[in-house]
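Below you'll find the structure, written out as structure tokens, and then a few comments.
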Amino acid sequence: MKEAQSLNNIENLAPYVAKPLKSTILVLNYKYKNLDARKALVKAVKTNGVIFTSEKIYENKVPEWIEKYLSQKEYSISPQAAQILTSYLGNDLGKVANELDKLIIAVKETNKITPEHIEKNIGLSKDFNIYELQNALGEKNIYKANQIINYFGANLTANPLQKTISNLYFYFLKLFTYHFLTDKSERSVSAELRVHPFIAKSYIAAAKKYSPTKLYEIFGILREYDMKSKGFDVSTMVNLADLQKEMIYKILH
């Protein structure tokens, strides 16, 4: 039964679930919310069936999920490509699987998906994306960071400022957290920061370039430009592309 959450009287199924027909398998697909555990239906299901709860996975687990999904289809993907897809699609596995299926159809000359394949078939730039912006900021590569943010400014629909700010906040939050880890080995950093092992090394290197004091300042900068992007504390109509440039300048200096 699809979309079971739309039923107005789903509790009416409780008598059937209490004494189900043994030759029938009934699956209730209840999405976006939970059944009331105090009601008879849930109690009956627990007695005569199984309640399976599928939680959304954390975004840091998506690259690993992508690798496993592709391996089942005898494909592989480079760590950079997996990160680019994750940064763009987030943890909506339906969207991720859909894009991966498209890539599998499009990529015929090899069974390994690369950033070049993503750029060619999905339209995501392999050089100008949020993942590469984070890397440029982590390396304090002023030239590359400005190149990327200028590209974002020219393509605001695909790269909205609010989304950039959100991604950067979580990136710098991980760098801030690193400073207070007892065990700073790559393995521990990967586990504690919930990042792919391939990425842990770059986070460690980036954290060494930003002191906790500077990171605390960056959080203030991100908050300031989030407010400005929404029209707060500005006297005239703001140019979002210019706001992005100012924000990146302040982060790097």
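The values are calculated or read from the model by the stated rules, or taken from the named source; none is laboratory data. These figures come from a predicted structure and were not determined experimentally. Here the Cβ positions follow ideal geometry from the backbone for every residue, glycine too, while neighbour counts run over all protein chains shown.
Miscellaneous remarks
- The residue that is nearest to VAL45 (Cα to Cα), among those in region 9-35 that are in contact (Cβ under 8 Å) with a residue 12 or more places away in the chain and aromatic (Phe, Trp, Tyr), is TYR30.
- Scanning region 40-82 for residues that are among the small types (Gly, Ala, Ser), in a helix (DSSP H, G or I) and more than 15 Å from the chain's Cα centre (by Cα) returns ALA40, ALA44, SER71.
- Residue within region 22-32 that is buried (at least 17 other Cβ atoms within 10 Å of the Cβ) and in contact with a Pro (Cβ under 8 Å, 6 or more places away or on another chain) present: no
- Selection count, region 111-137, where residues are closer than 16 Å to GLU67 by Cβ and either basic (Lys, Arg) or in contact with a His (Cβ under 6 Å, 6 or more places away or on another chain) (or both): 1
- Among the residues of region 164-184, the ones that are in contact (Cβ under 8 Å) with a residue 24 or more places away in the chain and of a type outside the set (A, V, I, L, M, F, W, C) come to 7 in all.
- Long-range neighbours under 6 Å by Cβ, at least six apart or interchain, first residue closer than 16 Å to SER125 by Cα within region 68-85, second among the charged types (D, E, K, R): none
- Of all residues in region 108-121, those being more than 19 Å from HIS196 (Cα to Cα), more than 17 Å from the chain's Cα centre (by Cα) and touching a residue at least 24 places away in the same chain (Cβ under 8 Å) number 2.
- Number of the condition not met by VAL238 [criteria: (1) among the β-branched types (Val, Ile, Thr); (2) within 25 Å of GLN83 (Cα to Cα); (3) touching a Lys or Arg at 6+ places or on another chain (Cβ under 9 Å)]: (2)
Every residue, every condition in (1) within 30 Å of GLU246 (Cα to Cα); (2) in contact with a Phe, Trp or Tyr (Cβ under 9 Å, 6 or more places away or on another chain); (3) charged (D, E, K, R); (4) part of a loop (DSSP other than H, G, I, E, B), yes or no:
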site	(1), (2), (3), (4)
LEU85	yes, no, no, no
LYS126	yes, no, yes, yes
GLN134	yes, yes, no, no
TYR143	yes, no, no, no
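- For region 18-34, the condition holds for at least one residue, the condition being that it is in a helix (DSSP H, G or I) and at pLDDT 90 or above.
- When residues of region 139-196 are limited to those that are among the charged types (D, E, K, R) and farther than 24 Å from GLU67 by Cα, the one nearest to the chain's Cα centre (by Cα): LYS163
- Test: residue in region 85-93 that is exposed (fewer than 15 other Cβ atoms within 10 Å of the Cβ) and either over 17 Å from the mean Cα position of the chain (by Cα) or of a type in the set (Phe, Trp, Tyr) (or both): no
- Output for region 176-229, where each listed residue is outside any helix (DSSP H, G or I) and either crowded, with 19+ Cβ neighbours inside 10 Å or modelled with pLDDT under 90 (or both): ARG194, VAL195, HIS196, TYR210
- Scanning region 94-109 for any residue that is outside any helix (DSSP H, G or I), touching a strand residue (DSSP E or B) at 6+ places or on another chain (Cβ under 8 Å) and of a type outside the set (Lys, Arg) turns up at least one such residue.
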